[in-house]
Amino acid sequence: MADIEGLREAFKTAQQNWRRNKKDRTLKKAFKTAKRAFNDAQLEQIGLKNNEKKKKENVKKRVNDVVVYVGNLDSSVTEKQLQRLFSHCGYILNIKMATVNKSDKNSKAFAHVKIKRNRKSAEQDTAAQALALDGTELEGRTIKVQISDLKAKSKKSKKAKAVPEQSLTQKKKKNALKYLQEWKTNRIAWKFRKVSQAYLLAHCYDRTIIDKDQFKILLQYIQGLKGASMDRATKTAEKIVEDYETQENEGGKKKGKLKYKRAIRILSILA
């Protein structure tokens, strides 16, 4: 970690020197450099302190709380029964119960019991006392007791959830059309986005994505294409025209007439 006090003194000295002669660019540059170094060191120190604090809080939580999974419960079992069963393990913070099939009276239920360790016992002792209840009978059923980590499971489930492909496609379309509209109506606030431009050029022949009015705006946008983007757009349009005309010459059924017309218009601009 950087020496905060040393950087503070260097910053103050550079500031005083610059104030004496504000016209000196070298002193101004030295002042800004010292100020930046001091600010970065302060941020670094704050970040380290926050990380240490979080680590201590996490360790404290891990030591204090034990979450127990209780399975194969009868649907008639109540929270009070579970509280009495696990009371010798430590203070019961909360109990969350669930039934697999509520409509079926014979359905199995399960629960998560959160226990705060006894002051005179270690976390391992609390867990061991809870695990000792594995295989005991409650309301005519042999229950299963395991140590559970709800936070770890919730994090895994969040990571496992993938964003549907359809929603991603819709988002790309929305962003691209918004990008095009901003270019037309608010050129000052508009910013170039390569991803949106690539999407528009790739889907400009599909009227379900880019309608007639949007295509007119896109033709104006295409006039400003340069370099590799212009070359790719030209090659794509030429390929569409060639395929359509070859297909027509062979006496085949006409397909892709709209694509052909749009390609002709694009080539008339880029040529």
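Listed values, structure above:
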{"read-out": "Only listed residue being open to solvent by 100 Å² or more (accessible area, probe 1.4 Å), farther than 30 Å from ALA132 by Cα and at pLDDT 80 or above, chosen from THR33, THR13, THR26", "value": "THR26"}
{"read-out": "Residues satisfying the stated conditions in region 220-248, i.e. open to solvent by less than 70 Å² (accessible area, probe 1.4 Å), of a type in the set (S, T, N, Q) and closer than 13 Å to ILE266 by Cβ", "value": "SER229, THR234, THR236"}
{"read-out": "Residue list for region 72-127, filter: at pLDDT below 75, over 20 Å from GLY140 (Cα atoms) and touching a Phe, Trp or Tyr at 6+ places or on another chain (Cβ under 9 Å)", "value": "ARG117, ASN118"}
{"read-out": "Flag if LEU177 is closer than 21 Å to ALA271 by Cβ and touching a residue at least 24 places away in the same chain (Cβ under 8 Å)", "value": "no"}
{"read-out": "Criterion violated by LEU270 - all others in (1) open to solvent by 50 Å² or more (accessible area, probe 1.4 Å); (2) at pLDDT below 85 satisfied", "value": "(1)"}
{"read-out": "Yes/no for ILE217 being part of a helix (DSSP H, G or I), open to solvent by less than 30 Å² (accessible area, probe 1.4 Å), closer than 20 Å to ALA176 by Cα and in contact (Cβ under 8 Å) with a residue 12 or more places away in the chain", "value": "yes"}
{"read-out": "The lone exception for LEU218 - which of (1) more than 32 Å from the chain's Cα centre (by Cα); (2) closer than 24 Å to GLN170 by Cβ it fails", "value": "(1)"}
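The values are calculated or read from the model by the stated rules, or taken from the named source; none is laboratory data. All values reported here derive from a predicted model rather than from experimental measurement. Neighbour counts run over all protein chains shown; Cβ positions are idealised from the backbone, glycine included. Accessible surface areas use protein heavy atoms only, side chains included; no ligands, DNA or RNA. Shrake-Rupley method; radii C 1.70, N 1.55, O 1.52, S 1.80 Å.
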